């Protein structure tokens with residue numbers, strides 16, 4: 001595995017690979033890799049000639065109350081994991097390399113950000129879109145891989161690729177779950193023992209919603225109430241939100257139809273967990289995508 005820290009060196013290498021008609025799978029991350037990231041790398045390895053992993057803690061996507069300096073970092077561990085997954089190139093630039101001077105241009109995301117987690121993090125997705133624009137131009141991938149666990153980010157990236165005409169195929173990858181259905185996350189270690197036992201209820205509530213939709217229920221408020229009631233009655237967690245939108249547009253729905261997302265966030269004592277399911281809702285059935 002080759003480790004590259006300079007943009008010009010990365011672009012030179014990519015141009016060489018492109019001249020050989022190599023396909024490039026790209027997994028952009030902020031490091032401190034977990035199983036979700038490794039799943040993205042595995043899929044990228046299966047579908048491309050080469051795999052590029054970027055690790056860059058992007059200061060533009062941190063809000064005033066979010067401490068960029070304390071974000072977890074462990075490049076030696078990350079490098080070992082990347083090698084085990086067959087990564088060909090690790091792009092590991094510093095902040096001074098990515099932002100050598102104040103930006104004269106930044107990407108402003110106009111849609112899909114004023115709901116779900118983005119509602120409480122103004123400017124976050126502007127930072128995400130700006131750094132991805134830079135990374136896409138540096139890496140020039142054939143395919144880019146993102147986890148469906150952060151479905152709002154996937155929706156924003158879909159808009160970015162479409163609106164800016166990047167010649168990139170977006171590959172959303174299914175959520176990796178524990179045996180009891182809990183979405184895997186580095187945050188799960190912060191759950192107390194009792195909370196960990198209760199946390200599986202989050203996915204159970206989404207499964208119950210899917211079942212009701214499959215029976216023909218099309219009222220979003222009824223489904224949101226069902227999910228909320230299950231979580232509040234069976235856990236000590238506090239429901240931050242349960243929302244249903246069209247996907248990837250993330251627009252409110254009066255009746256469930258087409259591709260929809262049911263997304264939620266639940267606060268426990270030391271951690272806030274998010275989860276979602278994306279369904280294709282027809283007149284008769286609801287099926288998870």
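The values are calculated or read from the model by the stated rules, or taken from the named source; none is laboratory data. All values reported here derive from a predicted model rather than from experimental measurement. All Cβ positions, glycine included, derive from the backbone under ideal geometry; neighbour counts span all protein chains shown.
Among the conditions (1) under 25 Å from residue 244 (Cβ atoms); (2) touching a strand residue (DSSP E or B) at 6+ places or on another chain (Cβ under 8 Å); (3) surrounded by fewer than 23 Cβ atoms within 10 Å (Cβ to Cβ), the only one that residue 136 does not satisfy is (1).
Scanning the stretch 143-154 for residues that are surrounded by fewer than 20 Cβ atoms within 10 Å (Cβ to Cβ) and either outside the structural domain of residue 12 (by TED's automatic domain parsing) or not in a helix (DSSP H, G or I) (or both) yields a total of 1.
Within the group 131, 157, 109, 105, which residue is assigned to a loop (DSSP other than H, G, I, E, B) and within 18 Å of the chain's Cα centre (by Cα)?
Going through 131, 157, 109, 105 in turn, just one is assigned to a loop (DSSP other than H, G, I, E, B) and within 18 Å of the chain's Cα centre (by Cα): 109.
The criterion of being at pLDDT 95 or above and in a helix (DSSP H, G or I) does not hold for residue 170. Being assigned by TED's automatic domain parsing to the domain that holds residue 211 and either modelled with pLDDT under 95 or under 17 Å from the mean Cα position of the chain (by Cα) (or both) is true of residue 283.
Condition check ((1) free of Cβ contacts under 8 Å to residues at least 60 places away in the same chain; (2) under 28 Å from residue 106 (Cβ atoms)) across all residues:
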residue	(1), (2)
16	yes, no
26	no, yes
39	no, no
47	no, no
52	no, yes
55	yes, yes
68	yes, yes
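Please determine whether any residue of the stretch 174-190 is within 25 Å of residue 6 (Cβ to Cβ), in contact (Cβ under 8 Å) with a residue 60 or more places away in the chain, out of contact with any helix residue (DSSP H, G or I) (no Cβ under 7 Å at 6 or more places or on another chain) and not in a loop (DSSP other than H, G, I, E, B). No, that holds for no residue. Within the bounds of the stretch 39-47, is there any residue that is in contact with a strand residue (DSSP E or B) (Cβ under 7 Å, 6 or more places away or on another chain), assigned to a helix (DSSP H, G or I), modelled with pLDDT of 95 or more and over 28 Å from residue 188 (Cα atoms)? Yes, the conditions are met somewhere in the stretch 39-47. Within the stretch 22-31, can one find any residue that is assigned to a helix (DSSP H, G or I) and buried (at least 17 other Cβ atoms within 10 Å of the Cβ)? There is no residue in the stretch 22-31 that is assigned to a helix (DSSP H, G or I) and buried (at least 17 other Cβ atoms within 10 Å of the Cβ).
Yes/no per residue for (1) in contact with a helix residue (DSSP H, G or I) (Cβ under 6 Å, 6 or more places away or on another chain); (2) in contact (Cβ under 8 Å) with a residue 12 or more places away in the chain:
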residue	(1), (2)
210	no, yes
215	no, no
230	yes, yes
246	no, yes
251	no, no
272	no, yes
